[in-house]
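Enquirer: Quick one: structure below, then a few questions.
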Amino acid sequence: MSLNKRDFFYITTPIYYINDEPHVGHYYTTTTADILARYHRLIGDDVFFVTGTDENSQKVLQAAEKASMDPVQFTDIMAKKWEKTWKKLNISFDFFIRTTSKEHIQSVEKLLKQCHEKGDIYKKEYEGLYCIGCEKFLTDSDLVDGICPDHKTKPQLLKEENYFFRLSKYQDQLMELMRSGDFALPEARRNEMIEFIKNQLQDISISRATVKWGIPLSIDPTHVVYVWFDALINYISALGYHEDNKKMSQFWPVAIHLVGKDIYRFHTIMWPAMLLSAGVKPPKQVFGHGFFTINGEKISKSLGNVIDPVSLSEKYGIDTIRYFIMREIPFGKDSDFSIPRLEQRYKGDLADDLGNLINRSTNMLNKFSQGMIPEPDKEWHKNDKKSTKVQKDGENLLNFLDKGYARFEFSQILEALWNYIKSINKYIDDTKPWVLKKENRGKELETVLYNIMQSISLICLFLYPIMPIIAQKIYDQINQGEIHKEKYLEKTKWFSLPTKTSVKKGEILFPPLD
């Protein structure tokens, strides 16, 4: 990633089971991907952002049967709901992938053919404990008192003849991949995968003979492809892998997968091994984030403790939820979701800090400068320590944020940005524009007012990827056009804000909560 060079950027979310509607856990991952996509578009990169739905699972089949619907009809209805929900929540995805699509099925068949021709697919009888909630076989070490710890259910004992993938064959290559660069993040989870590769790497079942919903195995149509072997391929089927689409050569080398820690092993061990077998390079990076919990338990449809992100956003605002989940949790760690903490952030950070800054600043422009951004005196500015500090702090934020996005340090980005917001409020208190006006110190007043508006312009640009609606509303108040169309680097330079443009007092950004 670089600020001056146009690069390709490919970001994905997991594809989600559509046996039910999205909850805040899904929203967390998808919002994070959206933030990264928006940032990279802002700095001029060519971005491809993919999300979608995983439709070939037993859980989906069971949900369809429960709804007394044909699975095809059920998945069509649910996929539309998911796509509509993400649009309602202002998620700016470029492509919505469905695993029942013709293109995806063709990609699965192509990759399976490559693996089979490599000699990495074989048939044998297998017996094991299978958790439908996880859609995977579990070992005794995965269980707590014989129960799946995530879904609180006892796995089924299954015995059948399946096709297997020679995962163990790729032990050395996977170990090399883990130990080189930043393929698997965060580091603590990568270390767990290194230990797993050392001690537990076994061949995996990739077909089911007793399940009739799914993609038929091309080498034996009496079997369907195991949902995880099928689902992982979505990341390249979205790029046209089935027909060697140009997007594959452009975007796949820079692919970044965001996933929850519960599916991290699939993405950092099974998926790269599948790709290596098929002669495709693994993705650039996989980041496994932590969970929101409710009363210490993972948010899960099966546990009945889900939080609806649409209802939350209708009450508090879409950008408020985006701010809260990014500020409250260092990305990669677990945290308990708390409505009182959300409201505390709303009243303090958003209303008191940001909302107050915009309100008092636009008021001063209207009172002291006829509602226009004045012309600064650059020589006076250069010799005023308070003003040059505001400039330097703003310019330093640019590189800090760029590095922060590369490291997935969203909470640190927002902490730094809010420190800057607070410093502008302090700058107003220290320079006292109302006193400058009273004492007829016009040159100083105009420069101070300009600096306040320039800093607000920077705040809008820096805040946009995380709070795009609020940032644009503020940008509209200072009459600067559309943020996403700006030349980012040029607009983040001090004194880049045009003068003699009108500033208007807009709506209250963060009204009192009922």
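Enquirer: Might you report the magnitude of the Cβ-based charge dipole of the chain about its Cα centre, with Lys and Arg at +1 and Asp and Glu at -1, to the nearest 20 debye?
Expert: 1500 debye
Enquirer: Quickly work out the TYR126-to-LYS378 label distance, labels modelled 7 Å from Cα along the C-beta direction, and quote it in nm with one decimal.
Expert: Between LYS378 and TYR126, the simple spin-label model gives 6.8 nm.
Enquirer: So if the hydrodynamic radius of the stretch 8-306 is defined as the Kirkwood radius over C-alpha pairs, what does Stokes-Einstein give as its diffusion coefficient at 20 °C and 1.002 mPa s, in µm² per second? Provide the component values of the computation, followed by the final result.
Expert: On the way: Rh = 19.7 Å.
Diffusion coefficient, whole number: 109 µm²/s.
Enquirer: What is the spin-label model distance, in nm, from LEU513 to LYS212 if the labels are put 7 Å beyond Cα along the C-beta direction?
Expert: Result: 5.1 nm between the two label points.
Enquirer: What is the order of LEU417, LEU365, fewest Cβ neighbours within 10 Å to most?
Expert: Going from sparsest to densest Cβ surroundings: LEU417, LEU365.
Enquirer: Calculate, for SER496 and ALA406, the FRET efficiency according to 1/(1 + (r/R0)^6) with r their C-beta to C-beta distance and R0 30 Å; round to the nearest 0.05.
Expert: Numbers: r = 24 Å, r/R0 = 0.81.
With R0 = 30 Å, the Cβ-Cβ based efficiency is 0.80.
Enquirer: Find the Cα radius of gyration of the stretch 339-491, compare it with 2.2 N^0.38 Å by division, and give the number to two decimals. List each step's numbers first, then the result.
Expert: Details: Rg = 15.6 Å, N = 153, 2.2 N^0.38 = 14.9 Å.
Rg over 2.2 N^0.38 Å, computed on Cα atoms: 1.05.
Enquirer: What residues from the stretch 261-297 fall in the zone where the backbone N is under 18 Å from a label point 7 Å along the Cα-to-C-beta line of GLN171?
Expert: 269-274, 277
Enquirer: Hey, another quick one. By count of other Cβ within 10 Å, fewest leading, how are THR139, THR31 ordered?
Expert: Going from least to most buried by this count: THR139, THR31.
Enquirer: Can you give me the P(r) profile for the stretch 428-514? Cα pairs, bins 5 angstrom wide beginning at 0, each as a whole percent.
Expert: It works out to 3, 13, 21, 21, 18, 13, 8, 3, 0, in whole percents.
Enquirer: Here's something else I'd like to know. Return VAL503, VAL211, VAL24 ranked ascending by Cβ neighbour count within 10 Å, so the fewest neighbours appear first. Don't skip to the end; give the middle numbers.
Expert: Numbers: VAL503 23, VAL211 17, VAL24 20.
Lowest to highest Cβ neighbour count: VAL211, VAL24, VAL503.
Enquirer: With each label point set 7 Å from Cα along the Cα-Cβ vector, what nm distance links ASP46 and GLU439?
Expert: My value for the distance between the label points is 5.7 nm.
Enquirer: Just to verify a number: FRET efficiency for LYS118 and ASN479, C-beta to C-beta distance, R0 = 51 Å, to 0.05?
Expert: Numbers: r = 61 Å, r/R0 = 1.19.
Efficiency computed from Cβ-Cβ geometry: 0.25.
Enquirer: Report the relative contact order of the stretch 8-306, percent, no decimals, based on alpha-carbon pairs under 8 angstrom and at least 6 residues apart.
Expert: Numbers: 494 pairs, mean separation 64.6, N = 299.
Normalised by residue count, the contact order of the stretch 8-306 is 22 percent.
Enquirer: Right, something else. Calculate, for LYS198 and THR139, the FRET efficiency according to 1/(1 + (r/R0)^6) with r their C-beta to C-beta distance and R0 22 Å; round to the nearest 0.05. Walk me through the numbers before you get to the answer.
Expert: Numbers: r = 15 Å, r/R0 = 0.70.
Taking R0 as 22 Å, the efficiency between LYS198 and THR139 is 0.90.
Enquirer: Let me ask something else. Note down the relative contact order for the chain as a percent, whole number, built from C-alpha pairs under 8 angstrom at least six residues apart. Walk me through the intermediate numbers first.
Expert: Numbers: 799 pairs, mean separation 79.3, N = 514.
Once normalised by length, the contact order is 15 percent.
Enquirer: Okay, next question. Quick check for me: using +1 on Lys/Arg Cβ and -1 on Asp/Glu Cβ, what's the dipole size of the stretch 339-491 about its Cα centre, in debye to the nearest 20?
Expert: Values: 24 positive and 22 negative charges, 50 e Å.
With Lys and Arg at +1 and Asp and Glu at -1, about 240 debye.
Enquirer: Let me ask something additional. Picking from PHE266, SER369, LEU350, whose Cα lies most toward the positive end of the charge dipole for the stretch 248-371 (charges on Cβ: Lys, Arg +1; Asp, Glu -1)?
Expert: So the residue furthest toward the plus end is PHE266.
Enquirer: Sorted by average packing, counted as other Cβ atoms within 10 angstrom per residue and highest first, what order do 221-230, 47-56, 121-130, 366-375 take? Before the final figure, lay out each step's value.
Expert: On the way: 221-230: 20.9, 47-56: 25.0, 121-130: 14.1, 366-375: 16.2.
Order by mean packing, descending: 47-56, 221-230, 366-375, 121-130.
Enquirer: Taking the Cα centre of the stretch 8-306 as origin, work out the dipole magnitude from +1 charges on Lys and Arg Cβ and -1 charges on Asp and Glu Cβ, in debye rounded to 20. Each step should come with its number before you reach the end.
Expert: Numbers: 36 positive and 38 negative charges, 87 e Å.
Dipole of the stretch 8-306, to the nearest 20 debye: 420 debye.
Enquirer: Okay, next question. Give me the compactness ratio for the chain, meaning the Cα radius of gyration over 2.2 N^0.38 Å. Walk me through the intermediate numbers first.
Expert: Numbers: Rg = 26.1 Å, N = 514, 2.2 N^0.38 = 23.6 Å.
Relative to the rule-of-thumb radius for its length, the chain sits at 1.11.
Enquirer: Compute the relative contact order of the stretch 339-491 as a whole-number percentage, counting only Cα pairs closer than 8 Å that sit 6 or more residues apart in sequence. Kindly include the intermediate steps, with their values, before the conclusion.
Expert: Working: 115 pairs, mean separation 42.5, N = 153.
Reported as a whole number, the value is 28 percent.
Enquirer: Taking 0.36 nm per residue of sequence separation and subtracting the Cα-Cα distance, how much length would be gained by fully extending the chain between GLN250 and ASP182, in nm to one decimal? Write down the numbers at each step before the final one.
Expert: Values: separation 68, 0.36 × 68 = 24.48 nm, distance 2.02 nm.
That works out to 22.5 nm of additional length.
Enquirer: Quick one: P(r) of the stretch 1-90 from all Cα-Cα pairs, 5 Å bins, percents rounded to integers, in order of increasing distance.
Expert: Calculated over all Cα pairs of the stretch 1-90, the distribution is 3, 14, 22, 18, 14, 11, 8, 5, 3, 2, 0, 0 percent.
Enquirer: Using the charge dipole of the stretch 8-306 (Lys, Arg: +1 at Cβ; Asp, Glu: -1 at Cβ; taken about the Cα centre), state which of TYR27, PHE183, THR99 has its Cα farthest towards the positive end.
Expert: Selected residue: TYR27.
Bear in mind that the values in this text are calculations on the coordinates, not laboratory data. Since we're looking at a predicted model, the values are computed, not measured. Cβ sites come from the backbone with ideal geometry, for glycine too, and all protein chains shown count toward neighbours.
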